[in-house]
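> Okay, handing you the structure first.
The values are calculated or read from the model by the stated rules, or taken from the named source; none is laboratory data. Everything numeric here is computed off the predicted structure, so don't read it as measured data. Ideal geometry is used to build each Cβ from the backbone, glycine not excepted, and the neighbour counts take in all protein chains shown. Side chains are part of the model used for accessible areas, which takes the heavy atoms of the whole protein and leaves out ligands, DNA and RNA. Shrake-Rupley method; radii C 1.70, N 1.55, O 1.52, S 1.80 Å.
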Amino acid sequence: MNVGIALLLSKYFSSQKLKKIDILMLLVFIVSLMLTGKRTLFIIPVLSFALFMVISNIKGKFAKTGGIVLSALSAVFILSMFIPKVANIFDRFMDEENVMALGNRDSLWKYFLLMGEKYPVFGAGFGSYNQFAYDNGLRVGGDRWNFNGHNCYFQIAVELGIVGSIFFLLFAVLSVVLTILAIRRVKNVCDDVRICYFSLYIQIMILAYSVTGNPTYSRQIVFIWFFSIGAVLHIARKHNIDIVINKESERRHL
(Lines give C-alpha, C1' and ligand atoms only; values in the text may rest on other atoms or scores of the structure.)
Protein backbone atom coordinates (compact mmCIF):
# COMPACT_ATOMS: atom_id res chain seq x y z
CA MET A 1 0.00 0.00 0.00
CA ASN A 2 2.84 2.38 0.80
CA VAL A 3 4.53 1.70 -2.52
CA GLY A 4 1.28 2.57 -4.28
CA ILE A 5 1.00 5.79 -2.28
CA ALA A 6 4.64 6.55 -3.11
CA LEU A 7 3.92 6.26 -6.84
CA LEU A 8 0.96 8.64 -6.66
CA LEU A 9 2.53 11.23 -4.34
CA SER A 10 5.66 11.30 -6.48
CA LYS A 11 3.48 11.92 -9.52
CA TYR A 12 1.66 14.78 -7.79
CA PHE A 13 4.77 16.52 -6.47
CA SER A 14 6.59 16.25 -9.79
CA SER A 15 3.71 17.44 -12.00
CA GLN A 16 1.44 19.12 -9.39
CA LYS A 17 -1.61 17.32 -10.70
CA LEU A 18 -3.42 14.00 -10.44
CA LYS A 19 -6.14 12.52 -12.61
CA LYS A 20 -9.45 11.51 -11.08
CA ILE A 21 -8.46 7.84 -11.27
CA ASP A 22 -5.22 8.69 -9.45
CA ILE A 23 -7.12 10.39 -6.63
CA LEU A 24 -9.44 7.39 -6.37
CA MET A 25 -6.52 4.96 -6.23
CA LEU A 26 -4.75 7.10 -3.62
CA LEU A 27 -7.86 6.93 -1.46
CA VAL A 28 -8.05 3.15 -1.96
CA PHE A 29 -4.42 2.72 -0.93
CA ILE A 30 -4.83 4.88 2.18
CA VAL A 31 -8.00 3.14 3.32
CA SER A 32 -6.48 -0.29 2.66
CA LEU A 33 -3.44 0.72 4.71
CA MET A 34 -5.68 1.83 7.56
CA LEU A 35 -7.53 -1.48 7.49
CA THR A 36 -4.28 -3.32 8.22
CA GLY A 37 -4.12 -1.60 11.61
CA LYS A 38 -0.36 -1.08 11.20
CA ARG A 39 0.43 2.12 13.08
CA THR A 40 3.99 2.70 11.90
CA LEU A 41 3.12 2.00 8.28
CA PHE A 42 0.21 4.46 8.54
CA ILE A 43 2.52 7.18 9.90
CA ILE A 44 4.85 6.85 6.89
CA PRO A 45 2.61 8.60 4.29
CA VAL A 46 1.96 11.39 6.79
CA LEU A 47 5.69 11.93 7.37
CA SER A 48 6.45 11.69 3.66
CA PHE A 49 3.72 14.13 2.66
CA ALA A 50 4.91 16.64 5.28
CA LEU A 51 8.53 16.43 4.09
CA PHE A 52 7.50 16.64 0.43
CA MET A 53 5.55 19.81 1.12
CA VAL A 54 8.55 21.37 2.87
CA ILE A 55 11.05 20.67 0.07
CA SER A 56 8.70 21.15 -2.89
CA ASN A 57 8.28 24.28 -5.00
CA ILE A 58 4.48 24.10 -5.17
CA LYS A 59 2.93 27.57 -5.19
CA GLY A 60 0.65 28.30 -2.25
CA LYS A 61 1.67 24.97 -0.73
CA PHE A 62 0.62 25.88 2.82
CA ALA A 63 -2.92 26.71 1.74
CA LYS A 64 -3.01 23.57 -0.36
CA THR A 65 -1.73 21.54 2.59
CA GLY A 66 -4.58 22.79 4.76
CA GLY A 67 -7.12 21.94 2.08
CA ILE A 68 -5.69 18.46 1.54
CA VAL A 69 -5.59 17.70 5.27
CA LEU A 70 -9.19 18.83 5.77
CA SER A 71 -10.32 16.83 2.75
CA ALA A 72 -8.50 13.74 3.97
CA LEU A 73 -9.97 14.02 7.47
CA SER A 74 -13.47 14.46 6.05
CA ALA A 75 -13.03 11.45 3.77
CA VAL A 76 -11.79 9.28 6.65
CA PHE A 77 -14.69 10.39 8.86
CA ILE A 78 -17.25 9.55 6.17
CA LEU A 79 -15.63 6.21 5.39
CA SER A 80 -15.47 5.24 9.06
CA MET A 81 -19.27 5.55 9.22
CA PHE A 82 -19.67 2.99 6.43
CA ILE A 83 -16.57 0.88 7.18
CA PRO A 84 -16.14 0.87 10.99
CA LYS A 85 -12.86 -1.06 10.81
CA VAL A 86 -11.21 1.98 9.20
CA ALA A 87 -11.27 3.64 12.64
CA ASN A 88 -9.50 0.69 14.30
CA ILE A 89 -6.10 2.18 13.62
CA PHE A 90 -7.00 5.26 15.68
CA ASP A 91 -8.14 3.00 18.50
CA ARG A 92 -4.70 1.37 18.43
CA PHE A 93 -3.05 4.77 18.76
CA MET A 94 -5.27 5.48 21.76
CA ASP A 95 -4.36 2.18 23.46
CA GLU A 96 -1.78 3.65 25.85
CA GLU A 97 -0.68 0.34 27.33
CA ASN A 98 -0.08 -1.21 23.92
CA VAL A 99 1.73 1.88 22.66
CA MET A 100 4.05 2.01 25.68
CA ALA A 101 4.94 -1.68 25.27
CA LEU A 102 5.11 -1.22 21.48
CA GLY A 103 2.98 -4.29 20.90
CA ASN A 104 5.07 -6.37 23.36
CA ARG A 105 8.24 -5.69 21.37
CA ASP A 106 9.94 -4.71 24.63
CA SER A 107 10.15 -8.42 25.49
CA LEU A 108 12.35 -8.87 22.39
CA TRP A 109 14.50 -5.82 22.94
CA LYS A 110 16.01 -6.92 26.27
CA TYR A 111 18.20 -9.36 24.34
CA PHE A 112 19.78 -6.44 22.49
CA LEU A 113 21.33 -5.31 25.76
CA LEU A 114 22.84 -8.73 26.34
CA MET A 115 24.27 -8.84 22.82
CA GLY A 116 25.58 -5.30 23.05
CA GLU A 117 27.42 -6.01 26.29
CA LYS A 118 28.99 -9.16 24.85
CA TYR A 119 29.84 -7.90 21.33
CA PRO A 120 30.20 -4.09 21.51
CA VAL A 121 32.74 -3.25 18.79
CA PHE A 122 32.23 -5.57 15.82
CA GLY A 123 28.94 -7.18 16.86
CA ALA A 124 27.83 -10.80 16.88
CA GLY A 125 27.38 -11.04 13.10
CA PHE A 126 24.54 -10.07 10.78
CA GLY A 127 21.44 -12.22 11.31
CA SER A 128 22.63 -13.66 14.61
CA TYR A 129 19.89 -12.21 16.83
CA ASN A 130 17.41 -15.09 16.57
CA GLN A 131 19.96 -17.73 17.61
CA PHE A 132 21.41 -15.55 20.37
CA ALA A 133 17.95 -14.85 21.82
CA TYR A 134 17.13 -18.57 21.68
CA ASP A 135 20.39 -19.50 23.42
CA ASN A 136 19.60 -16.98 26.15
CA GLY A 137 16.07 -18.16 26.89
CA LEU A 138 13.66 -16.63 24.37
CA ARG A 139 10.91 -19.12 23.60
CA VAL A 140 7.55 -18.67 21.87
CA GLY A 141 5.24 -21.59 22.48
CA GLY A 142 8.32 -23.60 23.45
CA ASP A 143 9.92 -22.99 20.06
CA ARG A 144 12.63 -20.69 18.75
CA TRP A 145 11.72 -17.14 17.74
CA ASN A 146 12.60 -16.63 14.06
CA PHE A 147 11.27 -13.14 13.34
CA ASN A 148 14.11 -10.86 14.47
CA GLY A 149 13.95 -8.08 17.04
CA HIS A 150 11.48 -5.64 15.42
CA ASN A 151 13.90 -2.72 15.64
CA CYS A 152 16.51 -2.63 12.91
CA TYR A 153 18.57 0.09 14.58
CA PHE A 154 19.02 -1.89 17.78
CA GLN A 155 19.55 -5.15 15.94
CA ILE A 156 22.12 -3.77 13.52
CA ALA A 157 23.90 -2.07 16.42
CA VAL A 158 24.39 -5.38 18.26
CA GLU A 159 24.93 -7.55 15.18
CA LEU A 160 27.41 -5.23 13.43
CA GLY A 161 28.72 -3.42 16.49
CA ILE A 162 29.81 0.19 16.68
CA VAL A 163 31.95 -0.06 13.54
CA GLY A 164 29.29 -1.61 11.31
CA SER A 165 26.54 0.65 12.64
CA ILE A 166 28.48 3.76 11.63
CA PHE A 167 28.70 2.53 8.02
CA PHE A 168 25.00 1.62 7.99
CA LEU A 169 23.89 5.02 9.31
CA LEU A 170 26.19 6.87 6.93
CA PHE A 171 24.74 4.95 3.99
CA ALA A 172 21.14 5.63 5.07
CA VAL A 173 21.59 9.31 5.93
CA LEU A 174 23.75 10.23 2.92
CA SER A 175 21.27 8.51 0.59
CA VAL A 176 18.47 10.74 1.93
CA VAL A 177 20.64 13.86 1.66
CA LEU A 178 21.63 13.05 -1.93
CA THR A 179 17.98 12.42 -2.85
CA ILE A 180 16.85 15.78 -1.47
CA LEU A 181 19.71 17.52 -3.29
CA ALA A 182 18.68 15.78 -6.50
CA ILE A 183 15.07 16.94 -6.07
CA ARG A 184 16.22 20.53 -5.69
CA ARG A 185 18.58 20.34 -8.65
CA VAL A 186 16.39 18.52 -11.21
CA LYS A 187 13.10 20.18 -10.28
CA ASN A 188 12.49 21.19 -13.91
CA VAL A 189 12.95 17.66 -15.29
CA CYS A 190 9.60 16.07 -14.49
CA ASP A 191 10.49 12.40 -15.01
CA ASP A 192 13.72 12.61 -13.03
CA VAL A 193 12.24 14.52 -10.10
CA ARG A 194 9.34 12.06 -9.99
CA ILE A 195 11.79 9.19 -9.56
CA CYS A 196 13.59 11.14 -6.84
CA TYR A 197 10.35 11.74 -4.90
CA PHE A 198 9.48 8.05 -5.20
CA SER A 199 12.94 7.11 -3.94
CA LEU A 200 12.69 9.53 -1.03
CA TYR A 201 9.33 8.06 0.00
CA ILE A 202 10.77 4.53 -0.05
CA GLN A 203 13.75 5.63 2.03
CA ILE A 204 11.48 7.31 4.58
CA MET A 205 9.40 4.13 4.68
CA ILE A 206 12.48 2.00 5.42
CA LEU A 207 13.89 4.36 8.06
CA ALA A 208 10.56 4.82 9.84
CA TYR A 209 9.50 1.18 9.68
CA SER A 210 12.91 0.15 11.05
CA VAL A 211 11.85 1.52 14.45
CA THR A 212 9.23 -1.20 14.99
CA GLY A 213 9.71 -3.67 12.12
CA ASN A 214 12.33 -5.70 10.25
CA PRO A 215 12.60 -4.08 6.80
CA THR A 216 16.38 -4.48 6.52
CA TYR A 217 15.92 -8.20 7.18
CA SER A 218 13.22 -8.65 4.51
CA ARG A 219 14.70 -9.36 1.08
CA GLN A 220 11.77 -7.88 -0.85
CA ILE A 221 11.94 -4.59 1.06
CA VAL A 222 15.74 -4.40 0.91
CA PHE A 223 15.54 -4.90 -2.86
CA ILE A 224 13.18 -1.96 -3.40
CA TRP A 225 15.28 0.17 -1.01
CA PHE A 226 18.49 -0.48 -2.96
CA PHE A 227 16.62 -0.11 -6.25
CA SER A 228 15.27 3.33 -5.27
CA ILE A 229 18.68 4.54 -4.09
CA GLY A 230 20.28 3.18 -7.26
CA ALA A 231 17.79 5.18 -9.33
CA VAL A 232 18.80 8.38 -7.53
CA LEU A 233 22.49 7.58 -7.98
CA HIS A 234 21.86 7.26 -11.73
CA ILE A 235 20.08 10.63 -11.83
CA ALA A 236 22.79 12.24 -9.69
CA ARG A 237 25.47 10.97 -12.09
CA LYS A 238 23.40 12.09 -15.07
CA HIS A 239 23.14 15.66 -13.73
CA ASN A 240 26.59 15.78 -12.07
CA ILE A 241 25.10 16.08 -8.59
CA ASP A 242 27.33 15.44 -5.59
CA ILE A 243 26.74 15.80 -1.86
CA VAL A 244 29.88 17.94 -1.60
CA ILE A 245 29.09 21.08 -3.59
CA ASN A 246 30.22 24.67 -3.18
CA LYS A 247 27.79 27.36 -2.13
CA GLU A 248 28.15 29.35 -5.34
CA SER A 249 27.13 26.35 -7.44
CA GLU A 250 24.14 25.73 -5.19
CA ARG A 251 22.98 29.34 -5.52
CA ARG A 252 23.13 29.12 -9.32
CA HIS A 253 20.94 26.02 -9.38
CA LEU A 254 18.43 27.53 -6.94
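> At R0 = 22 Å, how high is the FRET efficiency between L27 and N188 if r is their beta carbon distance? Nearest 0.05 is fine.
With a Förster radius of 22 Å, E is 0.15.
> Follow-up. At a probe size of 1.4 Å, how large is the accessible area of F154, to the nearest 10 Å²?
Accessible surface of F154 is approximately 100 Å².
> HN-Hα J couplings of segment 232-237 from phi, Karplus 6.51/-1.76/1.60, θ = phi - 60°, integer Hz, Gly and Pro as x?
With coefficients 6.51, -1.76 and 1.60, one gets 5, 4, 5, 5, 4, 5 Hz.
> Still on this model: At a probe size of 1.4 Å, how large is the accessible area of K118, to the nearest 10 Å²?
About 130 Å², ignoring ligands and nucleic acids.
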